[in-house]
Amino acid sequence: MPAQPPIDATFANRFAQAAPGDTPALPLGIQNFAEIRQGGYLYADKTALLARMFRSGKYFFLSRPRRFGKSLLLDTCKELLEGNQTLFQGLAVEHDWEWRARIPVLKLDMGDFLPGLDGLQAGLLQKLGENAERLGLSWQAPQNPATGLRELILQTRRKFGQRVAVLVDEYDKPMLDTLQDKAQCTAIRDWLSGFYAVIKSADAEVGFALISGVSRFAKVSLFSGLNNLRDITLDPDYASLCGYTEAELDRVFAPWLQGLSREQIKRWYNGYHWLGERVYNPYAILCLLQQRKFKPHWYETGSPGFLLKELAQRTPWLPDLQQIHADADLLSNFDIETISIPALMFQTGYLTIADEYAIGDNYYYRLRLPNRDVELGLFNRLLPDLVGDDARIGAQRNRLHQLLSAGDIAALRELFQSIYAAIPYNWHSNTPLAQYEAYYASVFYVYFMASGFPDVRLEDATSVGRIDMSVILPQCVCIFEFKVVAETADGSALAQIEARNYAQKYKALGRPVFLIGIEFSSAHRNIAGFDWKQV
């Protein structure tokens, strides 16, 4: 069989170039800047921010969640530094760059190695060799990739007479892939610390470096050898370096937005905040524009299993995910030995910053789930981890919708009693979260969240206190209060709703308001009391 011709820049031109009058193509899944520009794909111009970065420093670090365009960003950096001017025609940087100064680039993608330290080292040697071949260097691969990187930097500097730019994409992927094997993950981290330290030791030959990934591992470990990185993760000037802003959505994707509710687009996919302008998840937006369906597009690309396991085992009251407070040190570190749930969720994109505030000389952040995409996807995936791998979950969620649509509140007790009763006893014994009393209320809460009800409010504030959970529906409002008892219910949950007149907040809506007090028995692991009334 004859060898196939290489896929070059004209490939995209033949198959994706928009004809006159056609709507330009969506760059879904494309991480190659040249292919986007030559193929007629839409592009949100980030080049002005890149030019600012190059002029403001030398060593940079950027953390963003997966599917946020980091790989495309680094590939754009590479083309800009190498002076490929034709790709930047019409972009902000076209008349704001010295195109004659072509800078040689070493680019390492750390995201596709075989598992383990041996696989990492072998893969790195291969990638270093690919860089040497692209740059036209006669480079002999050594046994140690760190030695190879050092030699490659020196040779590149000698050949081109220019200081070298080093771009590292997904620097943390080898560690994240082995996070549940602490010993292996630590070994990879310690080895990578020495590998990345080569960049600093070659300071005289390196003119620019940008390292990107999902997480920020503790500075004292992975980056101890490269401690001169400027972290722009929470720099307001670079908050929109990845992701789409509101203005970019209007300017770039206007033809594709017709027929879609902007309010819904914002509710589902906006909300990511790194102390500057809030941005939309780019992958989710492109999926929406292509499929024309509001659904958890970003979440469906796969979520890390270790995150769900950590949540299911270490977070007794899941509504707390909406009200987490953290300091800057917590958000900037991700330590293998002691993984913080807020840091893990923030750095992987499941939490974002709601607001920043100062206490004395220290800054703190209130975190929240960013949007409906994450919210619905996360709770859907959490359900099996909370109640065991139960094939009946889908039917139970449908039943929950039917009961509330019909206003059949009495039948809710039977539904949830059957849900709790079906949780295997050995699952209770083997899952630490099930030992917490708040677990039972969390199951109730997650069922409502995962069932797609659009307006579920936790810790719903009133003038006389906070409602545990309010569910606002077109046909009615349900107000829930949860209590945990040893064995026998005493009606205190419903009594609290009535005593504090929680219903007053929603009477003006003109819908039936159901007051529902639920008491869980920690001894029997089920509902002990279920009292309700309509007002």
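What is the residue count in the range 260-276 for residues that are more than 27 Å from residue 233 (Cα to Cα), in contact with a helix residue (DSSP H, G or I) (Cβ under 9 Å, 6 or more places away or on another chain) and either open to solvent by 70 Å² or more (accessible area, probe 1.4 Å) or touching a residue at least 40 places away in the same chain (Cβ under 8 Å) (or both)?
Residues that pass the stated criteria total 1.
Examine the range 378-392 for a residue that is touching a strand residue (DSSP E or B) at 6+ places or on another chain (Cβ under 9 Å) and either surrounded by 13 or more Cβ atoms within 10 Å (Cβ to Cβ) or of a type in the set (Ser, Thr, Tyr) (or both), and state whether such a residue exists.
No - not one qualifying residue is present in the range 378-392.
Name the single residue, out of those in the range 277-305 being open to solvent by less than 20 Å² (accessible area, probe 1.4 Å) and part of a helix (DSSP H, G or I), that is nearest to residue 344 (Cα to Cα).
Looking at the filtered set, the residue picked out is 299.
Mind listing whichever residues of the range 87-108 are open to solvent by 10 Å² or more (accessible area, probe 1.4 Å) and of a type in the set (Val, Ile, Thr)?
103, the sole residue that qualifies.
Residues of the range 461-483 being without any contact (Cβ under 8 Å) to a residue 24 or more places away in the chain and of a type in the set (D, E, K, R), which ones?
Matches in the range 461-483: 466 only.
Does the range 155-172 hold any residues that are surrounded by fewer than 19 Cβ atoms within 10 Å (Cβ to Cβ) and under 22 Å from residue 77 (Cβ atoms), and which are they?
155, 157, 159, 160, 161, 162, 163
Could you list, ordered by first residue, the pairs with Cβ atoms under 9 Å in which the first is in the range 497-509 and at positive phi and the second is assigned to a loop (DSSP other than H, G, I, E, B) and hydrophobic (A, V, I, L, M, F, W, C), at least 6 apart or interchain?
501/464
Select, from 71, 56, the only residue that is surrounded by fewer than 22 Cβ atoms within 10 Å (Cβ to Cβ) and touching an Asp or Glu at 6+ places or on another chain (Cβ under 6 Å).
None of the others qualify; the one that does is 71.
Specify which of the listed residues (257, 241, 226) is open to solvent by 10 Å² or more (accessible area, probe 1.4 Å) and aliphatic (A, V, I, L, M).
One residue alone meets the criteria, 257.
Enumerate the helices (runs of 4 or more DSSP H) found wholly within the range 20-114, keeping only those where 1 or more residues are within 20 Å of the chain's Cα centre (by Cα) and under 17 Å from residue 212 (Cα atoms).
Here the list reads 70-81.
Of all residues in the range 203-228, which are modelled with pLDDT of 90 or more, in contact with a strand residue (DSSP E or B) (Cβ under 8 Å, 6 or more places away or on another chain) and part of a loop (DSSP other than H, G, I, E, B)?
205
Yes or no: residue 129 closer than 30 Å to residue 178 by Cβ and without any contact (Cβ under 8 Å) to a residue 24 or more places away in the chain?
When the stated conditions are applied, residue 129 passes them.
Which of (1) closer than 23 Å to residue 191 by Cα; (2) open to solvent by 10 Å² or more (accessible area, probe 1.4 Å); (3) modelled with pLDDT of 95 or more does residue 117 not meet, given it meets every other one?
Condition (3) is where residue 117 drops out.
Which residue pairs have Cβ atoms closer than 9 Å, lie 6 or more positions apart in sequence or on different chains, and pair a first residue in the range 184-197 that is on the phi > 0 side of the Ramachandran plot and free of Cβ contacts under 8 Å to residues at least 40 places away in the same chain with a second residue that is assigned to a helix (DSSP H, G or I) and crowded, with 16+ Cβ neighbours inside 10 Å?
Every condition considered, no pair remains.
The values are calculated or read from the model by the stated rules, or taken from the named source; none is laboratory data. Model, not experiment: these values are computed from the prediction. Here Cβ is always computed from backbone atoms with ideal geometry, including for glycine, and neighbour counts include all displayed protein chains. We work out accessible area using only protein heavy atoms, side chains counted, and drop any ligands, DNA or RNA first. Shrake-Rupley method; radii C 1.70, N 1.55, O 1.52, S 1.80 Å.
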